[in-house]
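*Asks:* Please find one structure pasted underneath; my questions will follow.
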Amino acid sequence: MHHRPKSLLLTLAALAIMIAIPVHAQEVGSTTPEDRAAARQEERAAAREERQEFRNTLSQQIQNRVRNLVANIVNRLTAALNRMESIITRLDSRIEKMSVTGFDTTPAKAKLGEAKDSLARARDMLSNISPIEVAVSGDTPRIAYQEIRTELIAVREEILKIHALLRETVALLKNANETPEIPATSTEPLPAQ
C-alpha cells in the first residue's frame, strides 16, 4: 500500500506538467487577435499558392496527355485511310482487268466510286479537325476536346462506311466473275465444218 500514494502523486504531477505546458506555450506565443488573424491569412495564402502550383503542374500533365492521345488517334486514322486507299487502288486495277476480259463490272465500279468519294471526305474531315493546341490552352478545354472527339468519331464512322463499301465491291466482283457478259452473237448460222 505504500506504493500507491507515491504512484498517485507521480500521476498527479505528470498531469499538472502536461496541463501547464500548453498553457505556458499559449502564454509565450500569445499575440493580439489581429496578429493571429494575419498569420492565418498568410497560411491560407501560402496554401492557396501551393494548390495553384499543383493545379498548374497537373494541368500541364493533362494537356500533354491530351495532345499525345489526339496525335495517336490521328495517326491511327491516317494509317487506316492509307490502307483503304491501297485496297481501293488494288480493286480498281482488278476491275479494269476484269472489264477488259468481258465481265460486267459496272456495279462494282459504282460501289468503288462511292468508296473513293467517301475516302476523299474522310481525308478532308481529318485535315479539318480543330487544332489540339487551341483546345488544351483555351478557356474551355473540356468543351473544345469534346468537339475534337466528335470530329474524330465522324472520321471513324466514315472509315467504317468505306470498309462496308469495299466489302460490297468485292462481293460484286465475285458475282461478276461467276457470270461473264455473253458477247452478242450474230443471227448467222455457224459455218459447217
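The values are calculated or read from the model by the stated rules, or taken from the named source; none is laboratory data. As the structure is a computational prediction, the values presented were derived from the model and not from experiment. Note that we place each Cβ from the backbone using ideal geometry, even for glycine, and neighbour counts take in every protein chain shown.
Rundown of residues vs (1) in a helix (DSSP H, G or I); (2) within 22 Å of Val155 (Cβ to Cβ); (3) touching a helix residue (DSSP H, G or I) at 6+ places or on another chain (Cβ under 7 Å), yes/no style:
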{"residue": "Gln60", "(1), (2), (3)": "yes, no, no"}
{"residue": "Arg65", "(1), (2), (3)": "yes, yes, no"}
{"residue": "Asn68", "(1), (2), (3)": "yes, yes, no"}
{"residue": "Arg76", "(1), (2), (3)": "yes, yes, no"}
{"residue": "Lys97", "(1), (2), (3)": "yes, no, no"}
{"residue": "Glu114", "(1), (2), (3)": "yes, yes, yes"}
{"residue": "Ala120", "(1), (2), (3)": "yes, yes, no"}
{"residue": "Met125", "(1), (2), (3)": "yes, yes, yes"}
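*Asks:* Being more than 18 Å from Leu77 (Cβ to Cβ) and basic (Lys, Arg) is the filter here, so list the residues in region 103-140 that pass it.
*Replies:* Listed by number, the residues that qualify are Lys109, Lys111.
*Asks:* Another question about this same structure. Given Thr140, Thr150, Thr185, which one is polar (S, T, N, Q), at pLDDT below 95 and over 25 Å from Gln60 (Cα atoms)?
*Replies:* It is Thr185.
Okay, residues lined up against (1) surrounded by 15 or more Cβ atoms within 10 Å (Cβ to Cβ); (2) among the acidic types (Asp, Glu); (3) on the phi > 0 side of the Ramachandran plot:
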site: Ala71; (1), (2), (3): no, no, no
site: Asn75; (1), (2), (3): no, no, no
site: Asp92; (1), (2), (3): yes, yes, no
site: Met98; (1), (2), (3): yes, no, no
site: Thr106; (1), (2), (3): no, no, no
site: Lys109; (1), (2), (3): yes, no, no
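*Asks:* Continuing with this model, one more query. With respect to the numbered conditions (1) modelled with pLDDT of 95 or more; (2) more than 12 Å from the chain's Cα centre (by Cα), which one is the sole condition not fulfilled by Gln61?
*Replies:* Gln61 satisfies every listed condition except (1).
*Asks:* Regarding Ser118, is this residue surrounded by fewer than 17 Cβ atoms within 10 Å (Cβ to Cβ) and closer than 19 Å to Ala171 by Cβ?
*Replies:* no
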